[in-house]
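Colleague: Got a structure here, written out as structure tokens. Questions coming.
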Amino acid sequence: MEDQIRLAAFNWLKLQINIYNNILPRRILEEGFELNGERITLVGPSGIWKPKQFKSIPISITTVLNGPYSDKISDGFLTYKFRGVDPYHRDNIGLRLAMTTKTPLIYFVNLSKGKYMANFPAYIINEDRASLEFTVALDEEKYIGIPSESELVNEESSYYRRKYVTSLVDRRAHQQSFRVRVLEAYNSRCCLCKLNHPELLDASHIIPDNEPDGEPIVINGLTLCKIHHSAFDVNILGISPDYIIHVREDILNEIDGPMLKHGIQDLNNQRIILPSRKQDYPDRNRLDWRYTKFLET
């Protein structure tokens with residue numbers, strides 16, 4: 001029965017991920033879904049969550065990204081802290097059972113207040129009682145419910161696949177967290193044109209993430225619509241440290257249709273729309289670095 005509930009939970013989550021474009025509100029996870037007349041919840045007060053229909057093994061584990069107990073990647077896999085310091089706490093026993101039975105779990109990442117990213121299947125593959133940590137491996141959805149695959153945890157092909165998937169999910173979670181936090185800072189509107197449709201907005205790095213100061217933090221981010229993000233990336237327009245938009249000279253002299261005129265040229269010498277909180281304002285030093293690159297073009 002528990003296996004059926006897990007598979008139903010995975011299928012329900014797939015639908016929600018499509019509906020909410022990968023960012024799930026906590027309320028729907030708390031409410032869960034109905035199966036055979038019963039309500040199945042997916043998260044609760046504890047980060048290790050077991051709905052009342054389950055005997056011992058949890059259905060999900062949750063981490064707060066950049067929180068005090070945030071998971072970290074170690075040798076390509078995630079480490080997940082024990083509940084408390086007692087290895088025999090019922091939640092720790094539940095995860096230990098998940099490990100010995102190779103039971104798939106849901107791994108939720110809390111990206112921002114009330115916003116979550118769901119990843120599954122997640123497997124507990126090891127524990128270290130000295131450091132009070134479990135090791136978690138994430139896998140591709142297509143391997144859910146295939147016993148022959150679930151027993152290949154220690155075989156080379158399965159090991160490297162799960163290592164790759166786990167690292168990929170970790171990178172994606174940090175990217176999604178950056179996007180969520182930057183869009184929240186700018187009230188989900190483009191800081192150049194005020195477009196406020198989140199599905200058409202990106203969180204753009206001021207200093208690219210492959211540079212030393214290209215951290216995924218709000219003050220290194222701008223909310224830009226797809227067109228203005230592209231224009232910013234290719235230096236059609238730049239933003240000076242005093243928050244003024246500058247359009248490249250050759251673009252200003254170009255004659256084209258209304259999209260160029262109203263979408264790009266009319267932005268010249270306008271001020272960007274700043275976040276509501278001063279602490280979230282784009283960092284002037286980072287803007288200066290990026291604006292210098294713009295002037296070089």
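We did not get these values from a lab; they are worked out from the coordinates using the rules stated. Everything quoted here is computed from the prediction, not taken from an experiment. Backbone-built Cβ (ideal geometry, glycine too); neighbour counts: all protein chains shown.
Colleague: Charges only on Cβ, +1 for Lys and Arg, -1 for Asp and Glu: so what's the dipole of region 107-253 about the Cα centre, in debye to the nearest 20?
Modeller: It comes to approximately 580 debye.
Colleague: Compute the distance in nm between two label points, each set 7 Å from the Cα along the Cα-to-Cβ direction, one at residue 199 and one at residue 55.
Modeller: 4.5
Colleague: Follow-up. Set the Förster distance to 45 Å, then compute FRET efficiency between residue 235 and residue 140 from the Cβ-Cβ distance, nearest 0.05.
Modeller: 0.75
Colleague: Additional query: Can you tell me the length gained on complete extension of the stretch residue 244 to residue 101, counting 0.36 nm per residue apart and subtracting the Cα distance?
Modeller: Value of the extension gain: 45.6 nm.
Colleague: Normalise the Cα radius of gyration of region 205-297 by 2.2 N^0.38 Å (N = residues in it) and let me know the number.
Modeller: Scaled against compact globular proteins, the figure is 1.07.
Colleague: Can you give the helix-only mean residue ellipticity at 222 nm for the chain, where every DSSP H stretch with n ≥ 4 adds -39500 (n - 2.57) and the sum goes over all residues, rounded to the nearest 500 deg cm²/dmol?
Modeller: Here the helix-only value at 222 nm equals -10500 deg cm²/dmol.
Colleague: If you don't mind, another one. Please report, in cubic angstrom per residue, the volume enclosed by the convex hull of the alpha-carbon atoms of region 182-257.
Modeller: 107
Colleague: So how far apart, in nm, are the two label points at residue 128 and residue 2 if each is 7 Å from Cα heading toward Cβ?
Modeller: For residue 128 paired with residue 2, the spin-label model returns 2.7 nm.
Colleague: Within region 195-282, which trypsin sites (Lys or Arg not before Pro) sit in a loop by DSSP and count at most 10 neighbouring Cβ atoms inside 10 Å?
Modeller: Values: sites: 226, 248, 261, 271, 277, 278; in loops: 248, 277.
In loop regions of region 195-282 (DSSP not H, G, I, E or B), the sparsely surrounded trypsin sites (Lys or Arg not before Pro) are 277.
Colleague: Per 5 Å bin from zero, what fraction in whole % of the C-alpha pairs of region 2-157 is there, up to the bin with the longest pair?
Modeller: 2, 9, 19, 23, 22, 16, 8, 2, 0
Colleague: Hey, could you grab the Kirkwood Rh for region 21-82? Inverse mean 1/r over distinct alpha carbon pairs, Å, one decimal.
Modeller: It is 13.4 Å.
Colleague: Let me ask something else. Measure off 7 Å from each Cα along the Cα-to-Cβ vector at residue 36 and residue 93, then give the distance between these two points in nanometres to one decimal.
Modeller: Inter-label distance under the simple model: 2.4 nm.
Colleague: Then there is this: Give the shape of region 86-227 as rounded, prolate or oblate, defined through the alpha-carbon gyration tensor: a ≥ b ≥ c are the square roots of its eigenvalues, a/c under 1.5 means rounded, and otherwise the shape is prolate if a/b is larger than b/c and oblate if not.
Modeller: Note, shape of region 86-227 comes out prolate.
Colleague: Exposure proxy check: 225, 193 ranked by fewest other beta carbons within 10 Å? Provide the component values of the computation, followed by the final result.
Modeller: Details: 225 22, 193 18.
Final ranking by Cβ density, sparse to dense: 193, 225.
Colleague: Nearest 10 degrees is fine. How inclined is helix 156-185 to the longest principal axis of the chain, computing both from alpha carbons?
Modeller: Around 50 degrees separate the two axes.
Colleague: Additional query: Give a residue-ordered list of calculated ³J(HN,Hα) values for region 20-27 (Karplus: 6.51 cos²θ - 1.76 cosθ + 1.60, θ = phi - 60°; whole Hz; x for Gly, Pro).
Modeller: 9, 6, 6, 9, 9, x, 4, 4
Colleague: Counting only C-alpha contacts under 8 Å and six or more residues apart, can you give the relative contact order of the chain as a whole percent?
Modeller: Worked out over the chain, it gives 11 percent.
Colleague: Can you find, among 232, 260, 198, the residue farthest towards the positive end of the dipole of region 167-297? Put +1 on the C-beta of Lys and Arg, -1 on that of Asp and Glu.
Modeller: Checking the options against the dipole of region 167-297, the answer is 198.
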